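Read the figures in this text as sums done on the coordinates, not as results from a lab. Computed from a predicted structure; not experimentally measured. Cβ placement follows ideal geometry from the backbone for every residue including glycine, while neighbour counts extend to all protein chains displayed.
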Ligand SMILES: [Zn+2]
Ligand SMILES: [Zn+2]
């Protein structure tokens, strides 16, 4: 079975160029959120909230302050989001975003430290009200991806952090609650571990909790609070010896062959690893002449696993592929490992409060309950079983923005999704929810005690006692099981 459908543009281009047309096969599984034609309709009707269904624990006047503040900021946040989107900057080069965000925070009464802790594009914005009180931390990511720009939607994360910080500041001021808000501009999430560097340099010291959000694919108007995979990357270099590829190939040692043998070895390994493990890589710097035996090849690899222990096991097997390729081709190999991103542990009490707010105020439903296949440098903040790293009560919800099928994070289509008005609307609802939960961290002693004493996280149920679940499996279309599984929940 084949289809042309959304790839018909490529098909036509090739046809126009008198190239042989390609046939594209439908993949067996499409985990896209919804049908192409269906999605825009659904996104037209974001549920309006009303005060009548308000059942969150903050006083109504505080909720009003937080939501009014975000509403007033909304047009400016939208403009800044689009500006950052139009200036995609790679990790640790987020100069434009650094400047406009730190200037904006300063104009709103925050004390700003630019180029924070030796990172040129990191920044810190702090506001203190009264004496004592707890400290809420917030992260704003800013970096984009090579070639495909803001295909992870960090422009939305950036302005959400700004909105949360200013909304909580307003609530502290207007309702005279002592406390501190610290917003960090965190560079280099896409592989650079900016938050890990800031953590190791003391950037999160003094925070009582830290919150942020991330856009993703998903059912319209939904959010997820699942964990993410531990991750590590490798720069792998193979060194060989050049020779004339026709006249004396036996005098050469082919480094590009080593890279391809490594790639093939990993491809074979994939069948023997667990389905929730990931290994993916590219060959970099492919310039060269076809009549010269390449004496150098460079690869970049990422490996991911649900826990750090599993990551260590996977790492040994993947590195064996690199060493095996070097042995097979008589090349020398050099492997440089990056820092490890840990698996994410979301605080169940913060998660429950946040979800209660966004569901009751904005009708946001629960999205995926499966562990994400992505990773984040924020996870280091949420782990405690290393010597020098604290466990910081945290949430990192992902929220759905409208996407095309197969147009998820790290695709060019997602970059387009991240600049839509619907994505911004969803981001603003999440921003209000985060600000409400963040304010409770500062203001509500009993709540914060619960936050501290209930740090465990189960990706399948963070509601503690309150969830009922109905499972129905209508129809018989498609693959058996999950594709047709429908879950409905009620929070009691
Ligand atoms: Zn991202
Ligand atoms: Zn990303």
> If you take the alpha carbon radius of gyration of segment 167-212 and divide it by 2.2 N^0.38 Å, what ratio comes out, to two decimals?
Replying inline: 1.42
>> Can you give the log10 of the normalised intensity I(q)/I(0) at q = 0.14, 0.16, 0.19, 0.22 Å⁻¹, computed with Debye over equal Cα scatterers of segment 60-177?
In response: -0.59, -0.76, -1.01, -1.24
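Working out 0.36 nm times the residue gap between residue 292 and residue 201, then minus their Cα-Cα distance, what length gain in nm do you get to one decimal?
28.1 nm
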> In nm, to one decimal, how far is the residue 454 label point from the residue 313 one, both placed 7 Å along Cα→Cβ?
Replying inline: 3.2
> So how do 278, 440, 369 line up by other beta-carbon neighbours within 10 Å, fewest first?
Replying inline: 369, 278, 440
> From the square roots a ≥ b ≥ c of the eigenvalues of the alpha-carbon gyration tensor of segment 283-433, which class results: rounded (a/c under 1.5), prolate (a/b over b/c), or oblate?
Replying inline: oblate
> For a paramagnetic label modelled at 7 Å from the Cα of residue 115 toward its Cβ, which residues of segment 78-95 fall within the zone defined by backbone nitrogen distances under 15 Å?
Replying inline: 93-95
> Ranked by Cβ crowding within 10 angstrom, fewest neighbours first, how are 195, 180 ordered?
Replying inline: 180, 195
>> From the alpha carbon gyration tensor of segment 147-247, can you work out the equivalent ellipsoid semi-axes (sqrt of 5 times each eigenvalue) and give them in Å, largest to smallest?
In response: 41, 19, 13
>> For 170, 436, which order do you get if you count the other beta carbons within 10 Å of each Cβ and list the fewest first?
In response: 170, 436
> What area, in nm² and to one decimal, does the C-alpha convex hull of segment 118-181 cast on average over all directions?
Replying inline: 5.2
>> Could you give me D for segment 234-279, from Stokes-Einstein at 20 °C and 1.002 mPa s, where the hydrodynamic radius is the Kirkwood radius over C-alpha pairs? Units µm² s⁻¹, please.
In response: 170
